[in-house]
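Asks: Before I ask anything, let me first share the structure, which is written out below as C-alpha cells.
The values are calculated or read from the model by the stated rules, or taken from the named source; none is laboratory data. Quantities reported herein were computed from a predicted structural model and do not represent experimental measurements. Virtual Cβ from ideal backbone geometry, glycine too; neighbours counted across all protein chains shown. The protein model used for the area step is the full one, side chains on, heavy atoms only, and it has no ligands, DNA or RNA in it. Shrake-Rupley method; radii C 1.70, N 1.55, O 1.52, S 1.80 Å.
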Amino acid sequence: MTIQQLKYAQGISEAKSFNKAAENLYVSQPSLTAAIHDLEAELGITIFNRTSRGVTLTSEGQDFILNARELLRHWENVLEKYGDDGKRKKKFAVSTQHYTFAIKSFVEMAKKINTDEYELAARETKTRDVIEDVASMKSELGVLYLSDFNRKVITNLLESKELEFNKLIDCGAYVYMWKKHPLAKKERITFEELEPYPCLSFEQDEAGEFYFAEEIFSERKHRRVIKVNDRGTILNMMVGLNGYTLCCGIISEELNGSDYVAVPFCDGAKENSPAMQIGWIKKKNLSLSAIGQCYVDEMKKYLASYKI
C-alpha cells in the first residue's frame, strides 16, 4: 500500500466517479483503476461499488477511507515540517451552516496568517454534510446549532461519528427579512403575522429533513415554503417575494449589506428565551491546529462583541 494509492482512493470517494477522479488527479483512468484494483487485492476488501451511475463506498470502504484520510493528514503534517524545506502548503478547511459570522471570522483569521503558506477552504453546506466533512476529516471544524427539537438526533449522530460539540453562544429566535418588508419595523413578530409571507429554508437531505433544518422551529408547519441552496438566493427572495427566515439574528452587514434586518420572534411565553445553541464540532481526542484555534478565537471574539 502506497501514499499514492491512498490519495487515489480519497480522490475517487470525493469525486464519486473514476472518470472525474482521474481528471482531478491528472492520471489516466486505466492507471487509476489498476492502482485501486491492486490496493483492494492487497487489503482483501472491496472499497468501491461500481455502477453505471458512478461509484459508492462499501461499508468496509467507508471505514478504510476514514483511516486513509487520517493517515494522509499525518503524512502531510510530516511533509509540512520536513518536506521541501518545510515549504509545503498547509491545509485548513471549515464546513458550516449558512452563518455570516462564521465566514466573517474566517476572513479575519485569513488576515492574520500568510495565505501563501496555506490552502484554505470555507464550505457553506447542508447540515449533514457539515457533520460528514468533519467526521471524514475533509474539514477540521464544523459550525452548526442545537435546539430542544433537534438536540437528541444531532447529538446521537455526532457521538456515532466520534465528534464533539463545543458551545459558542445561546441565542433567541429572530425573523430575518428585507428592511422594506411590511413587518420590518415591528418590535416583535408572531407566527400569525408571518402567515401571508413565504418562509425561506435552506435545502437539506430528505431523510430527517426537519431535524437537520438550519431554521429554528422547523417542526412548525408553514403555509408557504420556498427551498433554496445558497445565501445569495435567500437574500434575493427576501427582496423579491417579501420572504423571511427564522434564525439566530447574528448577521454581518459587511458581508450581507445593510438592506436586511433581524426582528425578535415572539412565540407566546417563549419570547426572548434562548432557542438555539450555536457551536463548533471537531473530532474527539484530536487537538486543534494553530490555525483552527485562531478561527475559533475569531468566532468567539466576533460573537462577544455582537449586539443584536
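Asks: Going by what's in this entry, would Leu255 be described as among the aliphatic types (A, V, I, L, M), touching a residue at least 24 places away in the same chain (Cβ under 8 Å), open to solvent by 10 Å² or more (accessible area, probe 1.4 Å) and farther than 30 Å from Lys282 by Cα?
Replies: Here the answer is no, as Leu255 does not meet what is asked.
Asks: Look at Leu246 and say whether it is in contact (Cβ under 8 Å) with a residue 12 or more places away in the chain, closer than 30 Å to Lys283 by Cα, of a type in the set (A, V, I, L, M, F, W, C) and surrounded by 14 or more Cβ atoms within 10 Å (Cβ to Cβ).
Replies: It is true that Leu246 is in contact (Cβ under 8 Å) with a residue 12 or more places away in the chain, closer than 30 Å to Lys283 by Cα, of a type in the set (A, V, I, L, M, F, W, C) and surrounded by 14 or more Cβ atoms within 10 Å (Cβ to Cβ).
Asks: Looking at region 234-254, is at least one residue more than 30 Å from Lys161 (Cβ to Cβ) and among the small types (Gly, Ala, Ser)?
Replies: Within region 234-254 (the criterion being more than 30 Å from Lys161 (Cβ to Cβ) and among the small types (Gly, Ala, Ser)), the answer is yes, since at least one residue qualifies.
Asks: While we're looking at this one, here's another question. Within region 191-219, can you find the residues that are under 18 Å from Gly172 (Cα atoms), out of contact with any Leu (no Cβ under 7 Å at 6 or more places or on another chain) and among the charged types (D, E, K, R)?
Replies: Glu214, Glu219
Asks: Residues of region 167-217 being of a type in the set (D, E, K, R) and farther than 24 Å from Val239 by Cβ, which ones?
Replies: Those that are of a type in the set (D, E, K, R) and farther than 24 Å from Val239 by Cβ: Lys167, Asp170, Asp205, Glu206, Glu209.
Asks: Here's a follow-up. Between Leu168, Leu183, Leu141, Leu194, which is modelled with pLDDT of 95 or more and either among the aromatic types (Phe, Trp, Tyr) or over 22 Å from Ile103 (Cα atoms) (or both)?
Replies: The conditions single out Leu183.
Asks: Name the single residue that is most open to solvent (accessible area, probe 1.4 Å) among those in region 93-138 being among the small types (Gly, Ala, Ser) and closer than 24 Å to His74 by Cα.
Replies: Ala122
Asks: Ok, one more. Restricting to region 152-183, name every residue that is farther than 30 Å from Lys282 by Cβ and either surrounded by fewer than 17 Cβ atoms within 10 Å (Cβ to Cβ) or without any contact (Cβ under 8 Å) to a residue 40 or more places away in the chain (or both).
Replies: If the condition is that a residue be farther than 30 Å from Lys282 by Cβ and either surrounded by fewer than 17 Cβ atoms within 10 Å (Cβ to Cβ) or without any contact (Cβ under 8 Å) to a residue 40 or more places away in the chain (or both), then Lys179, Lys180, Pro182 are the ones that fit.
Asks: For region 292-307, which positions are surrounded by fewer than 17 Cβ atoms within 10 Å (Cβ to Cβ) and not charged (D, E, K, R)?
Replies: Within region 292-307, Gln293, Leu303, Ala304, Ser305, Tyr306 qualify.
Asks: Let me ask something additional. Scan region 116-140 residue by residue and report those that are touching a residue at least 60 places away in the same chain (Cβ under 8 Å) and either touching a Gly at 6+ places or on another chain (Cβ under 6 Å) or among the hydroxyl-bearing types (Ser, Thr, Tyr) (or both).
Replies: Result: Tyr118, Thr127, Val130, Val134, Ser136, Glu140.
To keep it simple, each residue is scored yes or no on (1) at pLDDT 85 or above; (2) part of a helix (DSSP H, G or I).
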position	(1), (2)
Phe210	no, yes
Arg220	no, no
Gly232	yes, yes
Ile250	yes, no
Asn285	no, no
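Asks: Name every residue in region 1-32 that is polar (S, T, N, Q) and within 21 Å of Glu132 (Cα to Cα), in order of residue number.
Replies: Within region 1-32, Gln10, Ser13, Ser17 qualify.
Asks: Also, quick follow-up: Can you go through Phe149, Phe210, Phe217 and tell me which one is of a type in the set (Phe, Trp, Tyr) and open to solvent by 80 Å² or more (accessible area, probe 1.4 Å)?
Replies: Phe210
Asks: In region 117-126, is there at least one residue being assigned to a loop (DSSP other than H, G, I, E, B) and under 24 Å from Ala262 (Cβ atoms)?
Replies: Yes, there is a match, as at least one residue in region 117-126 is assigned to a loop (DSSP other than H, G, I, E, B) and under 24 Å from Ala262 (Cβ atoms).
Asks: Continuing with the same structure: Say we look at region 30-55 and pick out the residues that are under 27 Å from Glu119 (Cβ atoms) and either at pLDDT 85 or above or open to solvent by 60 Å² or more (accessible area, probe 1.4 Å) (or both); which of these is nearest to the chain's Cα centre (by Cα)?
Replies: Restricting to residues being under 27 Å from Glu119 (Cβ atoms) and either at pLDDT 85 or above or open to solvent by 60 Å² or more (accessible area, probe 1.4 Å) (or both), the top hit is Val55.
Asks: Does Thr233 meet the test of being surrounded by fewer than 20 Cβ atoms within 10 Å (Cβ to Cβ) and under 21 Å from Arg123 (Cβ atoms)?
Replies: It is true that Thr233 is surrounded by fewer than 20 Cβ atoms within 10 Å (Cβ to Cβ) and under 21 Å from Arg123 (Cβ atoms).
Asks: Pairs please, first residue from region 285-296 and under 13 Å from Val134 (Cβ atoms), second anywhere and part of a loop (DSSP other than H, G, I, E, B) and not small (Gly, Ala, Ser), Cβ atoms under 6 Å, 6+ apart in sequence or on different chains.
Replies: Note: pairs meeting the criteria are Gly292/Glu140.
Asks: So, one more: What's the number of the only condition in (1) touching a Lys or Arg at 6+ places or on another chain (Cβ under 9 Å); (2) part of a helix (DSSP H, G or I); (3) in contact (Cβ under 8 Å) with a residue 12 or more places away in the chain that Asp205 fails to meet?
Replies: (2)
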